[in-house]
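These notes are about the structure you will find just below.
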Amino acid sequence: MPRIAVFIDWANVLSRVSTDVVKFREFLESLGNIHVIYAYMVDFRELHRRDDPTGAKRSPQGFWNMLEKQGFRLRLKPVKIIREGEKEIHKANCDVEMTITILKTAQGGRVDEIFLFSGDSDFEPLVREIQS
């Protein structure tokens, strides 16, 4: 079976659906020998602490712990607050970090296949580059 590396853009794919993480892990194992599973996620904790101190107590830490127990390596990106006059924009894009790690993994020669779960078409040039 091929050795695989899995990269999940959680905010673009799995955050919008109810996912049984154990079954998802079993599905991934059916594809090959898992070398690594990275889950790139947005960390809203700081934003919640600022905007809703009571809500900050409802941390996603339990969910993150469960993912880690299933062998997922979490890559958390804190939300950046950008002010434009009176308006506030919240940003936390993991695309660059994912791209760098995917390229390093592809060049490292330790895996046979890379699986990318994302709904973001910005990754299309990366996929073409790796395929070539």
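The values are calculated or read from the model by the stated rules, or taken from the named source; none is laboratory data. Everything quoted here is computed from the prediction, not taken from an experiment. Here Cβ is always computed from backbone atoms with ideal geometry, including for glycine, and neighbour counts include all displayed protein chains. The protein model used for the area step is the full one, side chains on, heavy atoms only, and it has no ligands, DNA or RNA in it. Shrake-Rupley method; radii C 1.70, N 1.55, O 1.52, S 1.80 Å.
I need the full set of residues from the range 99-132 which are touching a residue at least 60 places away in the same chain (Cβ under 8 Å) and of a type outside the set (Phe, Trp, Tyr), in order please. Answer for the range 99-132, where residues must be touching a residue at least 60 places away in the same chain (Cβ under 8 Å) and of a type outside the set (Phe, Trp, Tyr): THR101, ILE102, THR105, ARG110, VAL111, ASP112, GLU113, ILE114, LEU116, SER118, GLY119, ASP120.
For residues in the range 1-31 being touching a residue at least 60 places away in the same chain (Cβ under 8 Å) and touching a Gly at 6+ places or on another chain (Cβ under 8 Å), which is surrounded by the fewest Cβ atoms within 10 Å (Cβ to Cβ)? Ranking the candidates gives PRO2 first. Would the range 114-131 turn up any residue that is touching a Ser or Thr at 6+ places or on another chain (Cβ under 7 Å) and either outside any loop (DSSP other than H, G, I, E, B) or within 23 Å of PHE24 (Cβ to Cβ) (or both)? Checked the range 114-131: at least one residue is touching a Ser or Thr at 6+ places or on another chain (Cβ under 7 Å) and either outside any loop (DSSP other than H, G, I, E, B) or within 23 Å of PHE24 (Cβ to Cβ) (or both). Taking the numbered list (1) assigned to a loop (DSSP other than H, G, I, E, B); (2) in contact with a strand residue (DSSP E or B) (Cβ under 7 Å, 6 or more places away or on another chain); (3) at pLDDT below 85 in turn, SER59 passes all entries but (2). Looking across the range 63-113 at every residue that is part of a helix (DSSP H, G or I) and of a type in the set (Lys, Arg), the one that is farthest from ASP9 (Cα to Cα) is identified as LYS69.
Being within 27 Å of GLU29 (Cα to Cα), surrounded by fewer than 12 Cβ atoms within 10 Å (Cβ to Cβ) and without any contact (Cβ under 8 Å) to a residue 24 or more places away in the chain is not true of GLY85.
The residue of the range 89-108 that is farthest from ASP122 (Cα to Cα), among those that are open to solvent by 60 Å² or more (accessible area, probe 1.4 Å) and at pLDDT below 80, is HIS90. Checking each residue of the range 32-40 against the condition of being at pLDDT 95 or above, open to solvent by 50 Å² or more (accessible area, probe 1.4 Å) and not hydrophobic (A, V, I, L, M, F, W, C) gives at least one match.
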